[in-house]
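K.L.:
My structure is below; once you've seen it, I'll send some questions.
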Amino acid sequence: MKPRLALFAIPFLLVACGVKPAAPAVDAPLQTREKEPDEHVEKDPLLSEAKVAHVVVPEAFITAATPAENVDSPASWRAADGRRLLIATAKDTHRLVVYDGSTGKQLRTVSGPGSALGQMQRPNGIAVIDDLALVVERDNRRVQVYQLPDFTPLLVFGAEDLKQPYGLWVRPQKDAYEVIVSDNYMSPQNEDAPPPLAELGQRFKRYHLQRAEGGWKATLAGTFGDTGEAGAIRIAESVFGDAANDRLLLAEEDVAVGTRLREYGLDGTYRGRDIGADLFKAQAEGMALAQCAGGTGYWIATDQFKDRSVFHVFERTTLAYKGAFAGNKTANTDGVWLDQSADARFPQGAFYAVDDDQAVAAFDWRDIAKALSLPECRAE
């Protein structure tokens, strides 16, 4: 992914002027987990009890478990010297955890609790594009932009529009970026229930992010969300897009109506098609897209079982089902990330998935492709 953009609302402009992030919290106490809106189920779904056909792909590594962090979503970035950084959001310690993306060794943490530039409150979704990392902060109701590799805080935006943001997808545009953020605001009468269908038209916010004189600015470009029975997103978190095929996939996490992926156009219009309605048995979660040469590729979408997560694979253009895989241990996955860049450890790239809120697992793409008999995928 990469940086550039322009929108129509009030711009949020902040200049990177040497603001230092707060010192990271240390030895954060393990606490009772706050339940997310998608976690109110009578019984945790278990892969051991579900009839989901899948192959097992051993993890290349799993980072050391840090239960106090409450890890949510990963992203990765390649430095100019070839280093692969793996970055994960930590909801309970209000920071980022940075690992070596080829070994899983923890390198550092970034940020800490607060609302100032460089501080965070319950970071959730994360995306990396070019030399920028964008992080959604649910409790500050905003998105924060950092410059890599030093994690210099550049900008915060969205606080005037967002109510309960969770996930995001970023794509490059001419001299700018488009940022789509899911906003999982709930019913004013019941914070554990989604609002009426008629109020779901602003489930997703679209921002234009671009350089400005002396810094960066972001402006609200619009909102969207279907309000019909078939196309509405009741519980919103994961969003990912494929610009080449004019496609957004949105995870419907509400098990009451049937968890699945809904297909929208990049314009925010529901296409009338759902994916995986008969496949997802637990809960649809994080998504990633393998973009292969010649316009081919694969979607990977998470089914969040409590004991071991399943990752469903779909063909990029037709969305035909190609099969599913699970790790030996990786469980209860929220966010995922696919890094298709090559290094000595992962010559065809790596797939990262959060493991049970406390670690990040890495899978070698070669192992996934071999297990599912997928043709070679040379990155676009």
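The values are calculated or read from the model by the stated rules, or taken from the named source; none is laboratory data. Fair warning: this is a prediction, and the values are worked out from it, not measured in the lab. Cβ sites come from the backbone with ideal geometry, for glycine too, and all protein chains shown count toward neighbours. Just the protein is used for accessible areas: all its heavy atoms, side chains included, with ligands, DNA and RNA removed. Shrake-Rupley method; radii C 1.70, N 1.55, O 1.52, S 1.80 Å.
K.L.:
Take region 66-106 and flag every residue that is among the aliphatic types (A, V, I, L, M), outside any loop (DSSP other than H, G, I, E, B) and more than 14 Å from Gln358 (Cα to Cα).
P.N.:
Residues satisfying the conditions are Ala75, Leu85, Leu86.
K.L.:
Tell me which residues, restricted to region 91-109, are within 17 Å of Pro153 (Cα to Cα) and surrounded by 23 or more Cβ atoms within 10 Å (Cβ to Cβ).
P.N.:
Once the filter is applied, which keeps residues that are within 17 Å of Pro153 (Cα to Cα) and surrounded by 23 or more Cβ atoms within 10 Å (Cβ to Cβ), region 91-109 yields His94, Arg95, Leu96, Val97.
K.L.:
Among what's in region 122-169 and is outside any strand (DSSP E or B) and among the basic types (Lys, Arg), pick the residue that is surrounded by the most Cβ atoms within 10 Å (Cβ to Cβ).
P.N.:
Only one residue fits best here, namely Arg138.
K.L.:
How many residues, within region 288-309, are open to solvent by less than 10 Å² (accessible area, probe 1.4 Å) and within 15 Å of Glu253 (Cβ to Cβ)?
P.N.:
5
K.L.:
Can you tell me which of Val354, Val313 is surrounded by fewer than 24 Cβ atoms within 10 Å (Cβ to Cβ), modelled with pLDDT of 95 or more and assigned to a strand (DSSP E or B)?
P.N.:
On inspection, the qualifying residue turns out to be Val313.
K.L.:
How many residues does region 170-185 contain that are open to solvent by less than 30 Å² (accessible area, probe 1.4 Å) and either more than 15 Å from the chain's Cα centre (by Cα) or within 16 Å of Pro123 (Cβ to Cβ) (or both)?
P.N.:
Total satisfying the criteria: 10.
K.L.:
Can you name the residue in region 247-272 that is part of a loop (DSSP other than H, G, I, E, B) and closer than 23 Å to Phe311 by Cα and is also most open to solvent (accessible area, probe 1.4 Å) among such residues?
P.N.:
Ala256
K.L.:
Any idea which of Ala23, Ala79 is exposed (fewer than 13 other Cβ atoms within 10 Å of the Cβ), within 30 Å of Glu380 (Cα to Cα) and either modelled with pLDDT under 95 or of a type in the set (Ser, Thr, Tyr) (or both)?
P.N.:
Checking each option against the conditions leaves just Ala79.
Here is a yes/no grid of residues against (1) in contact with a Lys or Arg (Cβ under 9 Å, 6 or more places away or on another chain); (2) among the basic types (Lys, Arg):
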residue	(1), (2)
Phe305	yes, no
Arg308	yes, yes
Phe311	no, no
Lys322	no, yes
Asn328	yes, no
Asn332	yes, no
